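Everything on this sheet refers to the single structure shown next.
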Amino acid sequence: MSDAGSEPERLLVRDLEQVATPSGRDAPLRGDALGKVEVLEDAYVLCEREEIAAVGRMRDLPALAEPIEELDGRGLCAVPGLVDCHTHACFAGDRVDEFSLRATGASYEELHAAGGGILSTVRATRAAGEGGLVAAVERHRDWMLRAGTTTFEAKSGYGLDRDIELASLRAIRAVGGIPTWLGAHAVPPEFDDADAYLDFALADVLPEAARLAEAADVFLERGAFDSAQARRYLEACRAAGLALRLHGDQFTEGGAVPLAIELGARSVDHLEATGPEGVRALGQSGVTAVLLPVSALFLDRPMPPARALVEAGAAVAIATDFNPGSAFCESLPVVCSLASTQLKLTPAEALSASTVNAAHVLSRADRVGRIAPGYRADLTLLGAPDWRYLAYHFGGPVVHSVVLAGRPLALG
Ligand code: NIG
Ligand code: FE
């Protein structure tokens, strides 16, 4: 990145093959609107300071006064900077041994029940200390940027004690992420049961976590927290001013959908096990369904009912779920590829689901997720002749570079 003081305040990205953006200004997008993407051929984007000032066809480009920095868009397509609304990017260590064991038959839930899984990452994360966590989130943020993500959420949930939960939230903030307190991710070994752990977390961690985080999240699943425990945790978090999110129906349909709707949660995430009644209820609710196809694929689980959710009128977002256990993948382009091949979303629906609707989950859809005047000048530039290569070039080096708040970033 070049020196901030020496940069012109305007950036013209010119001669782009295409600019593709979800239409309109509404959020979240549902039903047919999810698939409506506007495409301008032979186009420019003009950024002023941190915002988009104008978008148009090259033939309509007005004469612009100097000084202005120019970026040559020939051979490139611009889409909105991608928004990852569900990551667990604050962790230390890895789970590569477990990954190998799973290849020969051990299941994710068995490893978790045997004290591995999430709890093995808790041990590594506690040992890293705050400096180690800042370095880890920075590394993961840079991986995400290289994959075209310009806005990301990250959850705590690998500390599960006061110091490391709060250090995780501070580290996420320090590195530019949007922090979610996943205080109810697993029961740490020093507690006998989930209720005793929640007594501690709500009394000793929540007051400070509520100052650092924007939302709270819970893993509602057999072997983690049940529906009554999730309700207790979420109601306390809501009273402390946090927005609510849930990990629900990942392995079993356990009541997360009705609970999310009743409590007015921003999202319920996973939904691999959600049945028709949950789909119908989400379609009539204000809760966004966040689908995580990498984690379904990584754990060899069924895919969530994406098409049915869109057709029921639900607000659908897609995200990586980046974490060391169930989804060691930070790439939203890969998620878009899986959305099209596995979830049967069109590339246009996948784009809206990973920009506007993901921004809506993070309460930022008025600022990020579109290429239109007044939005933050976050662009993901694809090295491709057609923007749909975002989903089409499965696992390929499709992201050429990004523009972040009006500044071009060279990606190493
Ligand atoms: O969303 N399911 C719970 N939490 C994460 C996985 C975390 C981990 O395995 O470390 C998820 O898949
Ligand atoms: Fe997750």
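Scanning the stretch 363-412 for residues that are closer than 20 Å to residue 179 by Cβ, out of contact with any Phe, Trp or Tyr (no Cβ under 9 Å at 6 or more places or on another chain) and aliphatic (A, V, I, L, M) yields 365, 404, 405.
Quick check: anything in the stretch 313-332 over 18 Å from residue 81 (Cβ atoms) and among the charged types (D, E, K, R)? The answer is yes; a qualifying residue exists.
Taking the stretch 228-250 as the range and being free of Cβ contacts under 8 Å to residues at least 24 places away in the same chain and under 20 Å from residue 84 (Cβ atoms) as the test, no residue passes.
In the stretch 323-347, the residues that are within 16 Å of ligand 2 (Cβ to nearest atom) and open to solvent by less than 10 Å² (accessible area, probe 1.4 Å) form Cβ pairs under 7 Å with partners that are part of a helix (DSSP H, G or I) and of a type in the set (Gly, Ala, Ser), at six or more places apart or across chains, as follows: 326/295; 327/295. Residues in the stretch 227-250 that are open to solvent by 50 Å² or more (accessible area, probe 1.4 Å) and either within 14 Å of ligand 2 (Cβ to nearest atom) or not in a helix (DSSP H, G or I) (or both): 241 only. The stretch 263-349 holds helices (runs of 4 or more DSSP H) entirely within its bounds, and those carrying 1 or more residues that are under 27 Å from residue 139 (Cβ atoms) map to 293-298, 332-341.
Residue-wise test of (1) among the acidic types (Asp, Glu); (2) away from ligand 1 (no atom under 16 Å from the Cβ); (3) open to solvent by 10 Å² or more (accessible area, probe 1.4 Å).
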residue	(1), (2), (3)
97	yes, no, yes
106	no, no, yes
111	no, no, yes
124	no, no, yes
129	no, yes, yes
134	no, yes, yes
150	no, yes, yes
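Residue 358 fulfils the conditions (1) small (Gly, Ala, Ser); (2) farther than 30 Å from residue 97 by Cβ; (3) more than 16 Å from ligand 2 (Cβ to nearest atom) except for a single criterion, (3). On the stretch given as the stretch 251-273, residues that are without any contact (Cβ under 8 Å) to a residue 60 or more places away in the chain and buried (at least 24 other Cβ atoms within 10 Å of the Cβ) total 7. Filter the stretch 367-412 down to the residues that are more than 18 Å from the chain's Cα centre (by Cα) and among the basic types (Lys, Arg) and list them by number. 388, 407 - these are the residues of the stretch 367-412 that are more than 18 Å from the chain's Cα centre (by Cα) and among the basic types (Lys, Arg). Restricting 126, 102 to residues that are more than 20 Å from residue 334 (Cβ to Cβ), in contact with a helix residue (DSSP H, G or I) (Cβ under 8 Å, 6 or more places away or on another chain) and of a type in the set (Lys, Arg) narrows the list to 126. Checked against (1) surrounded by fewer than 24 Cβ atoms within 10 Å (Cβ to Cβ); (2) within 12 Å of the chain's Cα centre (by Cα), residue 300 passes all but condition (2). Looking at the structure I just gave you, is residue 241 in contact with a helix residue (DSSP H, G or I) (Cβ under 8 Å, 6 or more places away or on another chain) and within 16 Å of ligand 1 (Cβ to nearest atom)? So residue 241 fails the test. Among the residues of the stretch 172-179, is there at least one that is assigned to a helix (DSSP H, G or I) and buried (at least 18 other Cβ atoms within 10 Å of the Cβ)? So far as the stretch 172-179 goes, yes, one or more of its residues are assigned to a helix (DSSP H, G or I) and buried (at least 18 other Cβ atoms within 10 Å of the Cβ). Apart from one condition, residue 168 fits all of (1) farther than 24 Å from residue 364 by Cβ; (2) open to solvent by less than 30 Å² (accessible area, probe 1.4 Å); (3) touching a residue at least 40 places away in the same chain (Cβ under 8 Å); (4) not basic (Lys, Arg); the exception is (1).
Residues in the stretch 183-199 that are aliphatic (A, V, I, L, M) and more than 17 Å from residue 124 (Cα to Cα): 4 in all.
Report yes if some residue within the stretch 385-393 is buried (at least 23 other Cβ atoms within 10 Å of the Cβ) and not in a loop (DSSP other than H, G, I, E, B); otherwise report no. Checking the stretch 385-393: at least one residue is buried (at least 23 other Cβ atoms within 10 Å of the Cβ) and not in a loop (DSSP other than H, G, I, E, B).
Test residue 334 against the stated conditions and say whether it is under 18 Å from the mean Cα position of the chain (by Cα), within 16 Å of residue 144 (Cα to Cα), among the β-branched types (Val, Ile, Thr) and modelled with pLDDT of 95 or more. Judged against the criteria, residue 334 is a match.
Scanning the stretch 203-226 for residues that are open to solvent by 20 Å² or more (accessible area, probe 1.4 Å) and within 16 Å of ligand 1 (Cβ to nearest atom) yields 222, 223, 226.
The values are calculated or read from the model by the stated rules, or taken from the named source; none is laboratory data. Just so it is clear, the model here is predicted, and its values are computed rather than measured. Quick reminder, even Gly has a Cβ in these numbers, built from the backbone with ideal geometry, and neighbours come from all protein chains shown. Calculation scope for accessible area: heavy atoms of the full protein, side chains included, ligands and nucleic acids excluded. Shrake-Rupley method; radii C 1.70, N 1.55, O 1.52, S 1.80 Å.
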